[in-house]
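Single-structure report; data block below.
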Amino acid sequence: MTTARVRLVEITADNRDAVCALRVLPAQERLVAPVTASLAEAAATPEGEPWYRAVYAGEEPVGFVMLSWNVPPGRPGVIGPYFLWRLLIDAAHQGRGYGRAVLAQVVDLVRADGGTELLTSHQQGEGNPGPFYRGLGFEPTGEVDGDEIVLRLVLTG
């Protein structure tokens with residue numbers, strides 16, 4: 001199997017509209033917020049140390065990723081220090097390995113920054129991304145954030 005190739009690109013005035021136009025499948029809309037809502041959430045939550053990028057395959061935006069990046073301990077309501085806050089792959093580009101490729105790059109970046117684990121969470125219910133994350137080595141922590149199951153990927157060893 002060929003690994004999908006993606007680039008993580010800063011969101012600027014030049015690409016913002018194209019990135020904000022990305023959409024998941026209708027059945028996934030209850031599971032992942034749109035890019036515009038994610039950017040608004042990032043702006044409203046600076047204590048979460050938001051770090052976000054557009055996901056490009058070639059010259060085309062195909063997704064969006066957002067993390068809490070190296071959050072100092074003790075910030076109420078913020079999971080960290082490294083938390084995969086949002087991963088969205090556009091409906092027209094799903095099933096091509098882009099999600100896995102994004103996570104591989106994110107893991108490399110977190111490790112390079114000294115991170116020892118990457119946390120994420122997901123909604124419960126039909127069609128949730130839990131199997132996708134568990135297939136990449138994430139394991140449930142036993143914690144629940146709101147109504148979302150928290151998962152951990154250990155980056156050491």
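The values are calculated or read from the model by the stated rules, or taken from the named source; none is laboratory data. Quick caveat: nothing in here was measured; it's all calculated off a predicted structure. Glycine gets a Cβ as well: all are built from the backbone with ideal geometry, and neighbour counts include every protein chain shown. For the accessible areas, the whole protein counts, side chains as well, though only heavy atoms, and no ligand, DNA or RNA atoms are used. Shrake-Rupley method; radii C 1.70, N 1.55, O 1.52, S 1.80 Å.
Taking segment 20-54 as the range and being touching a Lys or Arg at 6+ places or on another chain (Cβ under 9 Å) and among the β-branched types (Val, Ile, Thr) as the test, the residues that pass are Val32, Val35. Within segment 1-44, the set of residues being of a type in the set (S, T, N, Q) and in a loop (DSSP other than H, G, I, E, B) comprises Thr2, Thr3, Thr12, Asn15. For segment 1-16, check the following and say yes or no: at least one residue is at pLDDT 90 or above, among the charged types (D, E, K, R), under 20 Å from Gln94 (Cβ atoms) and under 15 Å from the mean Cα position of the chain (by Cα). Within segment 1-16 (the criterion being at pLDDT 90 or above, among the charged types (D, E, K, R), under 20 Å from Gln94 (Cβ atoms) and under 15 Å from the mean Cα position of the chain (by Cα)), the answer is yes, since at least one residue qualifies. If the condition is being open to solvent by 60 Å² or more (accessible area, probe 1.4 Å) and either touching a residue at least 60 places away in the same chain (Cβ under 8 Å) or over 18 Å from Leu25 (Cα atoms) (or both), then segment 115-125 contributes only Thr116.
Look at segment 129-157: where a residue is on the phi > 0 side of the Ramachandran plot and a partner is open to solvent by 40 Å² or more (accessible area, probe 1.4 Å) and modelled with pLDDT of 85 or more, sitting 6+ places away or on another chain with Cβ atoms under 8 Å, you get Gly137/Val154. Being open to solvent by less than 40 Å² (accessible area, probe 1.4 Å), in contact (Cβ under 8 Å) with a residue 40 or more places away in the chain, under 19 Å from Asp145 (Cα atoms) and touching a helix residue (DSSP H, G or I) at 6+ places or on another chain (Cβ under 7 Å) holds for only one residue in Leu31, Leu87, Leu22, and it is Leu87. The set of residues in segment 126-147 being surrounded by fewer than 16 Cβ atoms within 10 Å (Cβ to Cβ), under 17 Å from Tyr82 (Cα atoms) and either among the charged types (D, E, K, R) or within 13 Å of the chain's Cα centre (by Cα) (or both) consists of Glu139, Glu143, Asp145.
Reported count of residues in segment 90-103, each being crowded, with 20+ Cβ neighbours inside 10 Å and among the charged types (D, E, K, R), is 1.
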